[in-house]
Amino acid sequence: MHRTNRHWLPAYCNPDSYLPKVQETRALFSTPPFGFWDFVGRALTFLQGDLAKEIGFVYDLRNILPCKWKCADEAVFSVDLALYAHTGRFPFDKGMIGGRFNSASLGAAVHHGSINLDFGGSHVGYEPGESGGRFGRIWRPLHRGHSTDCGYLCAVIEPFRRVYEDACNTIVAFRPPSEKVFVSVPNEYVQPSWSNNPVKLLVDTDTLTDGEVKYDPHKPYTQTPIGRTLFYLKPGLLERLDEDEAQHFRTPQHTPMGKNLSYPFFNIFNTESPLDEHGLPQQRLELYMKYILSARNSPPELKAAIVNTNLEYNRLTDAVREPEFEAYSFASFTGVFVDMYDEEGDRYRNLFQPLGVSIKPAGTTSLTELPQHELYEIFSGLAPTPPLRSAHDVLGLDSSKSIVEKFTFRPSYFERREAPRRTVTS
């Protein structure tokens, strides 16, 4: 008999509820990021071009206020210097820790400049290396060691990550002789009261399992293990896998699910998360946590930065469309900052993977948006507008080309780098 455990979930975790999608990492990073210095130059060229004029944007550098909304981390400070060098003005700060957009800053920003040129998004550390490098950490010269980057986003996902990784290692599948495939699940991942951890991961019995295994005294392997429940594995999971990968679960060996415990097959939530008046977590990133943790083409830190940038971009576009800002122009370039430490120059460098651009001309509350693939195609063919102050004078370097070449991540690398499969005896 099949029984659901969805009644234990908070309403916002209901798998049948609609949740807006965000960009796929494999699509965004099918093209390499730009050096941020180079990107700003191309953005200024774009705003002086025919397409921006058709949209209604009037370029006038004398009235442009460069703005940033990003984390205060020193690893992203080169963004400030790049905006200063290209516009001759220090950027106005519209950001908060974690790459959050401060909508309360808009009134002050338009007081300083009638044309707001916004660059913003979340940031993530990147260490170059074999097979695509590593995300989520960066070298801190003052501590002579590595630490998280962005520390805020990493702190949000870490308690969820620990629970998810434990589930990946302890939920196992196997196939006894002449039987269907079994899945053995610790009871804490079936019913929330079995765990004292405020973060609860529940396998979705509707999608992962096909009924409980009944005890048969003539079949010892059907005996309920201590602290676990035995289910039949629903065929849908194995059908999603390559045949070689699926075959691992069709043997008598108890094989951990690993990253095959993907988002359709579990839900995760924090019982201590503050909720707003709509019954949603105040930290909206938690709504997407199961997608962040189980993404096959993206490290969690990178996925979290992409999701958070989407959420904050929505707050930005909501804010600039308010009637009080109708008389002002906004050109907003939104993306993920990728932070790298340049050992040779003993400084931080920043790449920028754009997610999109929105332009609101003065005299309207409407936006024109360009998606990432269209933006990349346009920007790739543009020559950067020369900065008012050279990179050598402001940053102490001549080019960002070498740092771009050190970024070797591709989504397929991450998929291949999954931890080696191991077997579990019980």
Matching residues, the range 73-95, being surrounded by fewer than 20 Cβ atoms within 10 Å (Cβ to Cβ) and at pLDDT below 90: GLU74
In the list LEU375, LEU388, LEU382, which residue meets the criterion of being in contact (Cβ under 8 Å) with a residue 24 or more places away in the chain, in the same structural domain as ARG42 (by TED's automatic domain parsing) and out of contact with any Lys or Arg (no Cβ under 7 Å at 6 or more places or on another chain)? LEU388
Report, ordered by the first and then the second residue, all pairs with beta carbons closer than 8 Å, sequence separation of six or more or different chains, a first member in the range 342-357 that is farther than 16 Å from LYS70 by Cα and touching a residue at least 12 places away in the same chain (Cβ under 8 Å), and a second member that is buried (at least 16 other Cβ atoms within 10 Å of the Cβ) and of a type in the set (Lys, Arg). ASP342/ARG349
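This table checks each residue for (1) touching a residue at least 24 places away in the same chain (Cβ under 8 Å); (2) assigned by TED's automatic domain parsing to the domain that holds ARG228; (3) assigned to a strand (DSSP E or B); (4) over 30 Å from VAL76 (Cα atoms).
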position	(1), (2), (3), (4)
SER147	no, no, yes, no
ASN169	yes, yes, no, yes
VAL185	yes, yes, yes, yes
SER193	no, yes, no, yes
Some residue of the range 220-228 being closer than 27 Å to ASP16 by Cβ and assigned to a helix (DSSP H, G or I): no
Kindly check whether there is at least one residue in the range 355-372 that is surrounded by 18 or more Cβ atoms within 10 Å (Cβ to Cβ), assigned by TED's automatic domain parsing to the domain that holds LEU61, more than 30 Å from PRO323 (Cβ to Cβ) and under 23 Å from the mean Cα position of the chain (by Cα). no
Is it true that some residue in the range 395-412 is under 26 Å from the mean Cα position of the chain (by Cα), at pLDDT 90 or above, in the same structural domain as VAL40 (by TED's automatic domain parsing) and not in a loop (DSSP other than H, G, I, E, B)? no
Neighbours by Cβ (under 8 Å, 6+ apart or cross-chain): first from the range 45-72, assigned by TED's automatic domain parsing to the domain that holds THR365; second among the basic types (Lys, Arg) and surrounded by 21 or more Cβ atoms within 10 Å (Cβ to Cβ): CYS67/LYS94; LYS68/LYS94; TRP69/LYS94
Considering only the range 80-97, state which residues are in contact with a helix residue (DSSP H, G or I) (Cβ under 6 Å, 6 or more places away or on another chain) and not charged (D, E, K, R). LEU81, ALA82, ALA85, HIS86, PHE90, PRO91, PHE92, ILE97
Inside the range 39-144, counting only helices (runs of 4 or more DSSP H) that do not spill past its ends, which hold 2 or more residues that are closer than 16 Å to GLY335 by Cα and more than 22 Å from the chain's Cα centre (by Cα)? 78-87
Within the range 225-243, identify whether any single residue is charged (D, E, K, R), within 20 Å of the chain's Cα centre (by Cα) and in the same structural domain as LEU202 (by TED's automatic domain parsing), and answer yes or no. no
Would you say SER294 is over 17 Å from the mean Cα position of the chain (by Cα) and of a type in the set (Gly, Ala, Ser)? no
For the range 235-275, what are the residues that are more than 27 Å from TYR288 (Cα to Cα) and basic (Lys, Arg)? ARG250
Which of the residues that make up the range 245-295 are part of a loop (DSSP other than H, G, I, E, B) and in contact (Cβ under 8 Å) with a residue 40 or more places away in the chain? THR251, PRO252, GLN253, MET257, LEU261, THR271, GLU272, GLY279, LEU280, GLN283, ALA295
Could you check the range 96-133 and list, in sequence order, the residues that are of a type in the set (D, E, K, R) and surrounded by fewer than 19 Cβ atoms within 10 Å (Cβ to Cβ)? GLU127, GLU130
Sort out which residues of the range 176-191 are at pLDDT 95 or above and surrounded by fewer than 17 Cβ atoms within 10 Å (Cβ to Cβ), and write them in order of number. ASN187, GLN191
Could you grab me the full set of residues in the range 198-219 that are more than 37 Å from the chain's Cα centre (by Cα), touching a residue at least 24 places away in the same chain (Cβ under 8 Å) and either assigned to a strand (DSSP E or B) or within 15 Å of ASN5 (Cα to Cα) (or both)? LYS219
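The values are calculated or read from the model by the stated rules, or taken from the named source; none is laboratory data. On a predicted model such as this, the values are computed, not experimentally measured, just so you know. FYI the Cβ positions are ideal-geometry reconstructions off the backbone, even for glycines, and counts take in every protein chain you see.
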